1. Of the numbered conditions (1) within 16 Å of residue 157 (Cβ to Cβ); (2) at pLDDT below 90; (3) not hydroxyl-bearing (Ser, Thr, Tyr), residue 218 satisfies every one except a single condition; which is it?
2. Give 219, 172 a once-over and let me know the one that is touching a Pro at 6+ places or on another chain (Cβ under 8 Å), surrounded by 15 or more Cβ atoms within 10 Å (Cβ to Cβ) and part of a helix (DSSP H, G or I).
3. Just checking, how many residues over the range 184-195 are touching a residue at least 24 places away in the same chain (Cβ under 8 Å) and either surrounded by fewer than 20 Cβ atoms within 10 Å (Cβ to Cβ) or under 26 Å from residue 20 (Cβ atoms) (or both)?
4. Determine which single condition residue 397 fails, assuming it passes every other condition in (1) buried (at least 19 other Cβ atoms within 10 Å of the Cβ); (2) at pLDDT below 95; (3) not aromatic (Phe, Trp, Tyr).
5. Can you list the helices (runs of 4 or more DSSP H) lying wholly within the range 42-144 that have 3 or more residues being touching a Ser or Thr at 6+ places or on another chain (Cβ under 7 Å) and modelled with pLDDT of 90 or more?
Amino acid sequence: MQGTEEKAQLKMPGSGMHRRILGLAGPSILANMTVPLVGLVDLAITGHVGNASVIGGIAIGTMLFNLLYWNFGFLRVGTSGITAQAYGRQDFETAMDTFSQGIVTAIGSALVIWAIQLPFLWVCFKLMDCTAEAAEYAKIYFFIRIWAAPATLSLMSFKGWFIGMQDTISPMIDDIVVNVVNIVASYLLAVTAHMGIAGVAWGTVIAQYTGFIVAVLIMLVKFKKYLPLINLKRCIHWKLMKSFFGVNVNLFIRSLCFMVIYVGFTALASKYGDVQLAVSNIMMQLLMIFSYFCDGFAYAGEALCGRYIGEKNLPDLKECVKDLFIWTMSIGVIFTLLYWVAGLPMFELMTSDRQVTDASKPYLAWLVAMPFVSCAAFMWDGVYIGATATVPVRNAMIAAAAGFVASYYLTAPFVGVNAIYIAYFVHLAVRAVWLTVTAKQSIFVEPFL
């Protein structure tokens, strides 16, 4: 069987833990490198075909989808951890049940999103403080991109399942296809066809459905021997669905907390006008470049830690966590230096609007400060998800969201826009400290009891 063959291969002389980690992290990093590129290209397209209001409009539109989709982040992270542990036990029936439950949940959730899109948008703009021009651009973007919901949510389940099955090559292929199609289609429609922000939105829709088709083809070709194990009647049985959602309800709460932080970041920036909104959006895109590198190792942590827990292999689990931190802390140091040396030139690549680039200069120091403090937060997320230790992850994110909100409102009267970046920094520090403190019991003791 595939798992037995891979296990034997990993025990071969010379195949150290670093090699295992890189074997899983490498493809994810290559794929993730195209993810910020999409955001950067979208910003570059809108930044050069429009003004600050257009950039603000796409920032708000993206925030609206984050508000929707982050609530369903459990479709990826929950599927990954459960599947990885099933893989470690060589229990492929449970792995296929988890896949089926994820896809069924994704399609059902997409239908709900379509049904509530009008009241959702109405409530959001009632609560949001932004200019009428930026709001109008955001609505154009939203009403087009919403049609990609079934594909977008299904791809979360596909990606989590592939990672749980110790396969980061397949999600890499799918991510690269999605992101390349997104870039090409958005450019052709927005610039060549002169569709502007609507062209960027349609490019995303086309890319998401292309990725869905590719994921289905991968399942039919690469994992065809497991397809006979799919049993929809069994997987939607109440007892199994209750177990699936029992793990994922904590991840759903975690996603809500992420929503508070990341959506709050954009919403708070919008209070300071379109120029500051544009600055904060570009700042976040640049910070995301670092996080996508760390995510590659976090995905490796999900796959390997879940597998070792499924195998009841404590020595390899401890070695894996140690080596994962060596890699992520090294990346943190590299990006701290990169942002220090090239922060402003990177920012200037994103827009030709001199007002926006000049307004960014007082905040560039935050690019330098963020990477190192966030390393532990990102890495622990992957380890905890692989262990399906969802309660401490939930609690850490609740504390981080509370820290974000409190930090902003305590400092905003004194430091203005800087309060947004202080709040983001505080939430990262809270996550890192909380998960580090609870790791011994949650990762190395409870899963082996």
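The values are calculated or read from the model by the stated rules, or taken from the named source; none is laboratory data. Remember, predicted model here, so these are calculated numbers, not experimental data. Here the Cβ positions follow ideal geometry from the backbone for every residue, glycine too, while neighbour counts run over all protein chains shown.
1. If we test residue 218 against (1) within 16 Å of residue 157 (Cβ to Cβ); (2) at pLDDT below 90; (3) not hydroxyl-bearing (Ser, Thr, Tyr), just (2) comes out false.
2. Details: 219 fails: touching a Pro at 6+ places or on another chain (Cβ under 8 Å).
Residue meeting the stated conditions: 172.
3. Here is the first cut: in the range 184-195, the ones touching a residue at least 24 places away in the same chain (Cβ under 8 Å) are 186-187, 190-191.
Now narrow it down to the ones that are either surrounded by fewer than 20 Cβ atoms within 10 Å (Cβ to Cβ) or under 26 Å from residue 20 (Cβ atoms) (or both): 187, 191.
Residues meeting the conditions: 2.
4. (2)
5. Values: elements: 52-69, 74-88, 92-127.
So the answer is 74-88, 92-127.
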